[in-house]
Amino acid sequence: DEAYYAEIQQGYKILTDVPSRREYVEMNDHEKFARLKVKEEMDQGAKKAMGGNMMIASGVPNQCSCPFVEEPDGNGRVIISWSCSNAWRDEVTEYEIEVGFPDSDTFKLIKFRKTSRLEHTMQLRHGSHFFRVRARNMVGYGAWSLEEHFVA
């Protein structure tokens, strides 16, 4: 079975490469890690096919997906994850997460440099929150994603 053999090869490649193994252990989610690696390989293949001479053809980055928020331990610590199509093509350099807080008109804006892992961990107080994310490149900011509502 070719699919099974390819999966075993991928696992071997990950476990014998120290940085990949470390990232795999930190992520602690086999399916999510595998999806991330497949996407990274596709992005690298597309970049090589274009000779590495890519231009920002579309202006600002595409709108990111609605964030996915999970609270693995039930203690207010949440992990926010999302995706942005064509981030490599749009040369995304930064992401912003906007967090709305319960019973208030205030929000927190979190900025961070692009990483291969599109997720952020933070501690929330109890109540209802909203999250949205957007990407930035040298042209400007993309549109905000749809909002994800979450009760901690």
Could you list, in sequence order, the residues of segment 61-82 that are at pLDDT 85 or above, in a loop (DSSP other than H, G, I, E, B) and open to solvent by 60 Å² or more (accessible area, probe 1.4 Å)?
Q63
Could you tell me whether any residue of segment 92-99 is out of contact with any His (no Cβ under 9 Å at 6 or more places or on another chain), in a loop (DSSP other than H, G, I, E, B) and open to solvent by less than 20 Å² (accessible area, probe 1.4 Å)?
yes
Only one of (1) without any contact (Cβ under 8 Å) to a residue 12 or more places away in the chain; (2) open to solvent by less than 70 Å² (accessible area, probe 1.4 Å); (3) in contact with a strand residue (DSSP E or B) (Cβ under 9 Å, 6 or more places away or on another chain) fails for S104. Which number is that?
(3)
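The values are calculated or read from the model by the stated rules, or taken from the named source; none is laboratory data. Since the model is a prediction, treat every value here as computed from it, not as a measurement. Note that we place each Cβ from the backbone using ideal geometry, even for glycine, and neighbour counts take in every protein chain shown. Protein only, heavy atoms only, side chains kept; ligands, DNA and RNA dropped before computing areas. Shrake-Rupley method; radii C 1.70, N 1.55, O 1.52, S 1.80 Å.
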